[in-house]
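The values are calculated or read from the model by the stated rules, or taken from the named source; none is laboratory data. Bear in mind the structure is a predicted one, so any value in this text is a computation, not a measurement. Cβ placement follows ideal geometry from the backbone for every residue including glycine, while neighbour counts extend to all protein chains displayed. To get the accessible areas, we keep the full protein, side chains included, count just its heavy atoms, and leave off ligands, DNA and RNA. Shrake-Rupley method; radii C 1.70, N 1.55, O 1.52, S 1.80 Å.
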Amino acid sequence: MFPLHERLKHHNSVALRQQMEEVQWWSTDRIAAYQLQRLRDLLMDVGTHVPYYQALFAKHGFHPDRVQNTADLQRLPFLNKPIIRANTDALRHTKAQRLARFNTGGSSGEPLVFYIGEKRVSHDVAAKWRATRWWGVDIGDPEIVVWGSPIELGKQDHIKAWRDKLLRTQLLPAFEMSESKLDQFITTIRTVKPMMLFGYPSALTHIAKHAQKRGIKMTDLGIKVAFVTSERLYDEQRSTIGQIFNCKVANGYGARDAGFIAHECPAGNMHLTADDVVVEIVNEAGQVQPAGVVGEIVVTHLSTNDFPFIRYRTGDIAALGTAPCSCGRGLPLLQDIQGRSTDFVVAADGTVLHGLSLVYILRDLPGVQAFKVIQETRTLTRVLLVADAHFSDASLALIQSGFKRRLGDEVEVIVDLVDHIPAEKSGKYRYIVSHV
C-alpha cells in the first residue's frame, strides 16, 4: 500500500530509496562524482528559474555550467535566515507547484517561514527509509513516534489516522508529560510492541525513566532500535534508552529546513546523506575547514529546486570524518556533532512539558525576530524578545495567554524587549532554558 500512498502524493520515494540503496555502496569517489552532477543540475535549474539566484549569480559572475567541483560553491555567499525572510518570494521557483509551507523556530530562536516541494519530500522520505533499513526496520513495521511539532500533530485527521493505522505508526505527543500521560505512553508502547521508537532523545529518556520509576519492564517488547533526532544525543541518554528499552539507539542529524543530513549506522558512525546534500564546515570567518576540524555546518540540499537551500548556515557545530566506516558504505562521515539542545519546562502543577511547546507559540507571530525563553521558577517565566515594528500589544497578549495556557494561569510571564539575544558562555545559543 505504501507505493500507492506515495504515488497519490506525487512522491517517487520508492524508486529513490532503491537507488539510494545502491549508491550507498559505491566508492567515495563515485559518490562524489554523482553528487557533483546533481549539484550542477540544481545550480543550472535555479539559475534559470529562481529570481533570487538569477540575480545572485549575475552579481557574482557565477556560471553554473562551469562548476568543476563542489569547492566552486565557495564563490557564492552563504544563505541564512535573515536572507530567506527578506527574499521569501524571490526564492520560489517560477514553475513550482503544490509547495508546502513550513516554519521552524531555528536553533537560535529566529522564526523562519519557508517552502518545500514534492521533490525534496520524496528524497527525505527515501533517505530516512534507507537509514531505518540499516537497522532491520522497514515500512509497515510497528512504530511509535514521540513528537511535538504542530505540523504533525495538527494533521491528525481521519485520512492520516487511517494511513498511520495501515502503516502501523502511532504518534504520541511529546509536549505534555504529566504522570498520567507518561503512564498512558508506557501502556501504549507495551500494547503496540513497536520494532522502532522515533523521537526526541530527551522525550524518550523521560519515558524510559518513568517506566523505571514505576517498576514496569520494557525490555521484553522486541524493540530493535530507537531513532533519536532534533536534539543533541548525550551519552547518558543513549545508555538510559538502550538499557530500559533493550534496544540499539541510532542518532540522526537534520532539520526541517536543512533536510535529512546524517544518520548513524550499526557500526556507530554518522553517515552523511551525500547523494542528497553537500556539507561544508566553516570557521567563524566563513572559511571552509578540512576534515577533522570542527566548525559550523553549512548545507546545500540538492533536492530543493522549488525553494533552494544553497550554502545554508545551520548554526550547528561538527566536523567531517577523516576515515572510512568499517560498515563498507562509501557515504562520508560527520563527527563531533555539537548540535544545540532543547530543555523541558515544568508547569505550575508539576506537569513536564517539552520546551518546544512554548517555542511554537512564539515562532510564527508577526514582528518576532528572535527569542529566548528562561523559566526562572514554576511561577515565573521570562521571554527575551527581539521585535520589529510589526510586533503589537495583540502579539504580546498572545504570548502571555499562550504561555499561561501551557504553564498555568498563576504563572507570571514577563516579556522583555531587547536589541539582541546574548549567547551562552559556551558561545552556543539556547532558545529554552529552564532553571526548574
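Largest GNM mean-square fluctuation across E231, E296, E21, computed for the chain with C-alpha springs under 10 Å, falls on E21.
Evaluated at q = 0.11, 0.13, 0.16, 0.20 Å⁻¹, the base-10 log of the normalised Debye intensity for the stretch 211-368, with identical point scatterers placed on the Cα atoms, takes the values -0.57, -0.77, -1.05, -1.32. Highest mobility in the GNM of the chain, judged by mean-square fluctuation with C-alpha springs under 10 Å and restricted to V225, V277, V386, is found for V386.
To the nearest 20 debye, what charge dipole does the stretch 258-399 have about its Cα centre, counting +1 at the Cβ of each Lys and Arg and -1 at the Cβ of each Asp and Glu? List each step's numbers first, then the result.
Working: 8 positive and 15 negative charges, 30 e Å.
Roughly 140 debye, rounded to the nearest 20.
Once the chain from R382 to K217 is taken as fully extended at 0.36 nm per residue, the excess over their C-alpha distance is 55.5 nm.
Within straight-line reach of K372, meaning a Cα separation under 18 Å, sit the following aspartates and glutamates at least 8 residues removed in sequence or on another chain: E110, E231, D316, D343, D364, D388, E412, D416, D419, E424.
Given contacts defined as C-alpha pairs under 8 Å and at least six residues apart, what's the relative contact order of the chain, whole-number percent? Spell out each step's value before the answer.
Numbers: 837 pairs, mean separation 69.9, N = 436.
Once divided by the residue count of the chain, the mean separation gives 16 percent.
Note on the stretch 264-325: percent of Cα-Cα distances in each 10 Å bin, starting at 0 and stopping at the bin with the largest distance, equals 22, 49, 27, 3. Value of Rg to Rh for the chain, rounded to two decimals, is 0.95; Kirkwood radius and Rg both from alpha-carbon coordinates. Accessible surface calculations at 1.4 Å, restricted to protein heavy atoms, place the chain at 44 Å² per residue. Between S326 and Q54, the contour length at 0.36 nm per residue exceeds the alpha carbon distance by 93.6 nm.
Looking at the chain, send over the antiparallel percent of its DSSP beta bridges, to the nearest 5. Let's see the in-between values first.
Numbers: 40 of 67 bridges.
Antiparallel bridges make up about 60 percent of those DSSP assigns within the chain.
Quick one: compute a quarter of the convex hull surface over the Cα atoms of the stretch 1-94 and quote it in nm². Mean projected area for the stretch 1-94: 8.1 nm², to one decimal.
When the accessible area of the chain is split by element with a 1.4 Å probe, what percent falls to carbon and sulfur? Provide the component values of the computation, followed by the final result.
On the way: 9650 of 19100 Å².
Carbon and sulfur atoms account for 50 percent of the accessible area of the chain.
Which of the three applies to the stretch 306-422, rounded, prolate or oblate, going by the alpha-carbon gyration tensor with a ≥ b ≥ c and a/c under 1.5 meaning rounded? Here the stretch 306-422 falls in the prolate category. For the stretch 286-436, DSSP calls about 65 percent of its internal beta bridges antiparallel.
What pairs from K59/K119; K128/K224; K165/K213; K165/K193; K165/K217; K165/K209 go past 19 Å between their alpha carbons?
Working: K59/K119 28 Å; K128/K224 16 Å; K165/K213 30 Å; K165/K193 14 Å; K165/K217 26 Å; K165/K209 28 Å.
In this structure, K59/K119; K165/K213; K165/K217; K165/K209 lie more than 19 Å apart at Cα.
Of the two radii for the stretch 187-237, the radius of gyration is 0.95 times the Kirkwood radius, both from the alpha carbons; that is the Rg over Rh value.
Within the stretch 326-381, the percentage of alpha carbon pairs spaced more than 16 angstrom apart rounds to 61%. Residues of the stretch 207-244 with an amide N closer than 12 Å to a point placed 7 Å from the Cα of D141 along the Cα-to-Cβ direction: 222-227.
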